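For reference, the structure discussed in these notes is given below.
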Amino acid sequence: MTIEYTEVDEKIAITAAIMGRMKQLMGVSSDYQLAKRFGKSTSAIHNWKKRGTVPIDECIELSVEYNASLDWLILGKGAPPSGTAPAPIISEMDQDERGLRYSLKDFVGVPLYDIEAAAGPGRLFDNEHVETYLSFRNDWIAKEGLHAKDLVAVRVIGDSMDGTLKNGDTVLINRAITRPDGVFVIRVGDELRIKRVQLLSDGSLRLSSDNNHYAPEVIPPENLGNVQIIGHCYWHSGRVY
């Protein structure tokens, strides 16, 4: 079902486009990098999108630093400065009952979440935690037996899964699979982790790291109420070393 844009939705879309041009100008891809550039918290940057706030002062600062036209940076008119990295190809933006989504012909947009901002007691998959959208071919998703509605992506933080996943790798998560064994995104208390999860015969969960410097942890059945298995780590991309 398609829902017509409200005034708030339009403001959110405008702010998201401005932030995309800010990142394009700076040559960065995440809200975290944008926040670091202006000495702000990631949650403050997320609030720009959530509230549809146009960051005028920050745009002026970038305009001066990069000799960029404010007409382009704020309104999207004209061209970016010479030498600016090309913007990612993104189709027109629709809105359905789940909120703003990006779609490309023959592709599906999978949301990439800021896993650091999402850590804590709140919901992991809030729209305000979306950094960007990754495009996957529809035919590849179908061939793999996946469903787009179940897919999200996160970036690996830390070295606990070295040997399988490196710091900075992007991981595609299938939320339809939450029963071990395998590598999963899990929440333990307020902490998000990527671990190898094994269900033991007594009902306990064994959480293991592929980096031998980290000892495994066993969570007994009586403590499993503090654990949520978010989804199975199905695919990853990362730098070749």
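Bear in mind that the values in this text are calculations on the coordinates, not laboratory data. Here the structure is a predicted model, which means the values were calculated and not measured. For neighbour counting, all protein chains shown are included, and Cβ atoms are generated from backbone atoms with ideal geometry for every residue, glycine included.
Restricting to lysines 8 or more places apart or on different chains, can you count the pairs in segment 102-237 with Cα atoms under 26 Å from each other?
On the way: K105/K143; K105/K149; K149/K195; K166/K195.
For segment 102-237, the number of qualifying lysine pairs is 4.
Using only the Cα atoms, what convex hull volume per residue in Å³ does segment 7-75 have?
On the way: hull volume 5.0 nm³, N = 69.
Dividing the Cα hull volume of segment 7-75 by its residue count gives 72 Å³.
For every other residue with a beta carbon closer than 9 angstrom to the beta carbon of S208, add +1 if it is Lys or Arg and -1 if Asp or Glu, then tell me the sum.
Working: positive: K195, R196, R206; negative: D210, E217.
Within the 9 Å Cβ shell, the charges total +1.
Where a Cα-Cα gap under 23 Å defines reach, which lysines qualify for K23, not counting those fewer than 8 residues away within the same chain?
Reachable lysines: K11, K36, K40, K49, K50, K77.
Can you give me the relative contact order of segment 102-237 as a percent, contacts being Cα pairs under 8 Å and 6 or more apart? Please report the intermediate quantities before stating the final value.
Working: 275 pairs, mean separation 29.6, N = 136.
Once normalised by length, the contact order is 22 percent.
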